Each structure stands twice: as structure tokens, then as C-alpha cells.
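Below: the structure, in C-alpha cells.
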Amino acid sequence: MFFRKYKILGSSLIVAACISIGFPSQASMTPMQNNYTLKGLSQHQQRETSAVIVLKTDNDDNTFDKKETSNHSVSEKIAAILKGDSDKKEQDKVVNYGSSSIMGSAIATREQCVNYLLKNNPNPKITVSAEELVDYYYEEAGKEGIRPDAAFAQALKETGFFRYGGTVTPDQNNYCGLGTTSATVKGAYFETARIGVRAHIQHLLAYASVRPPREDVVDPRYSLVRAVYSTSTIDTWPGLNGRWAVPGNNYGQEILQILDNITEE
């Protein structure tokens, strides 16, 4: 637990923020839903912590002078501190897409993903329907905490909207170029479309988290990535530049642009 003191009318207001992950508490603690600004805490700490307000004077008896608490002055001060600058409310608003994170929840619907694919390629070269493939992305990514719409956007980029035409062929069910290390290496084959999607999601997880997959590992390069990065992770799509693809200039940014286009469907 860490503390931050604020002077209020001669007394001290201590804002104690308890890290909600791994910190024992009798009460269930959940992340702050309102993006209040606590001085001394980074925005990341504000999002990932539960705030517990503790009032304490400089005296040992933990009581306030009656004059100091009259007219709700202390509670008003607390509210003011928690509220922060109302003019920055929109700037501080937490949105999933704005962070460019690999892990998280979808902002695009399944229907938007299907529509965007078929608008750009009415006849995708896939072994299942467009609707089924999108469902697999949402189901498999949902298990691992990966953003399904962003992963699907990556598949669109990697396969040219499932036109292929490069080293990888449609029958491989390989939607992200797994194992394709050169123009003459075809890369991994997967028995079904779902397994191909699962391998894609697991490969993203290998970069973004030290946690092992919830399903049996089908990504043939999962262990290789984990061995390289050990306890480190790559948390954002732009962080994959030059790693997932070489040279990979603006690789992650282009994926996010595709995702942005999907959300406009």
C-alpha cells in the first residue's frame, strides 16, 4: 500500500491506493470505473488500482476538529481532489482502441468485421464462411484476452483480405504468416480454420503476455518467442514493428488503421 498526503485546513488527507492485483483484502476490489485523477499516481496506476480514502489527522486519535469538518468542508475537499480538472474529462477518458494495446476487448462487432472483409473481397479464399472465421477469432481471442477485432485486422493485412498470392496458400489455414521466414518457406499448416485462428491468437499471446495459453499450444513458434522475450512482453501493435514482420515499418499502425476502417462499417 502506498500513501499520498494532502493538507486540508490544517489536517492531513491521506489517499491510500491499494493495488488490486495480488493485494489481500476482505472486500472485493475492482478497478476504478470513473477516471478520477489522484495526484501522485500515474494514469496507469489510476486505472489499475482501487482507491480507498482514509481520513487521518496529525493526531494519533484519528479525529477531526469540529471546526474543520463544519459545513462538509472536508468532504468537499475530497470530492474536489477526486474529481480533478473537469475540463480534461474527455482527455482522461479510457477507451480500448486509443491505447493500441494487443490485449483487451473488441470495439468492432462481428458483423462489422464480416462486412468489411466482403466489401473488400467478396470471394475470400478461406475454408469456411466469412461469418464462421470471424466467430473463431472472437471465440479464440476471447479465451486469451486478445483483442479479436484487431487480430482479425492483422489477418486481413497478412493475407491481403484472404486473396493470398504469396508464399502461403489458402489450404494452410495460416492467417498470419506463421513460420513463413522467407519467400521460399511456406510456413505452418493447420488442419482446420479454427486451429489456424487459435495458433494466430497464441502467437500474439506469446508476445503480449508471460501467461501460457489456456488451450493446448498449437502455435509452432510459441516457445521460440517466449524463449527470446523471457519475462518481457510487447504490449502494443506498433511494438510488433520489425518483430512480427521485417522490416515491418509502421506494421502495427497499419493494422490499427484497418481496425479503424472496420469500425466505420
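Each reported figure results from applying straightforward, stated rules to the coordinates on display, with no laboratory input. The shown structure was predicted, so the numbers you read here are calculated from the model rather than taken from an experiment. When we count neighbours, we look across all protein chains shown, and the Cβ atoms used for this are built from the backbone with ideal geometry, even at glycine.
Length gained on full extension, D235 to E215, computed as 0.36 nm times the residue gap minus the Cα-Cα distance: 5.1 nm. Gap in Å between the Cα centre of the range 197-259 and the Cα centre of the range 139-171? If you average the Cα positions of each part, the centres end up 13 Å apart. Database remark: amide H of T236 closer than 5 angstrom to the amide H of I102 (H placed geometrically; neighbours at sequence offset of 5 or more, or on other chains; Pro and chain starts carry no H). Across the range 133-205, Cα pairs under 8 Å and at least six residues apart give a relative contact order of 31 percent.
Backbone phi angles across the range 193-203, fed through the Karplus curve with coefficients 6.51, -1.76 and 1.60 (θ = phi - 60°), yield HN-Hα couplings of 4, 4, 5, x, 5, 4, 4, 4, 5, 5, 5 Hz in residue order; Gly and Pro are listed as x.
Neighbour counting of Cβ atoms within 10 Å sorts the residues D171, D235, D149, fewest neighbours leading, into D171, D235, D149. Under a 5 Å amide H cut-off, with hydrogens placed 1.01 Å from N, I146 pairs with G104 among residues at least 5 apart or on other chains.
Database remark: amide H of N241 closer than 5 angstrom to the amide H of G252 (H placed geometrically; neighbours at sequence offset of 5 or more, or on other chains; Pro and chain starts carry no H). The alpha carbons of the range 97-263 give a radius of gyration and a Dmax of 14.4, 42 Å, in that order.
What FRET efficiency do you get for E264 and E191 if R0 is 30 Å and r is their Cβ-Cβ distance, rounded to the nearest 0.05? E between E264 and E191, to the nearest 0.05, is 0.30. Applying a DSSP loop filter and a limit of 14 other Cβ atoms within 10 Å to the trypsin sites (Lys or Arg not before Pro) in the range 124-172 leaves R163. The length gained by stretching the chain between N123 and E111 to full extension, at 0.36 nm per residue less their Cα-Cα distance, is 2.7 nm.
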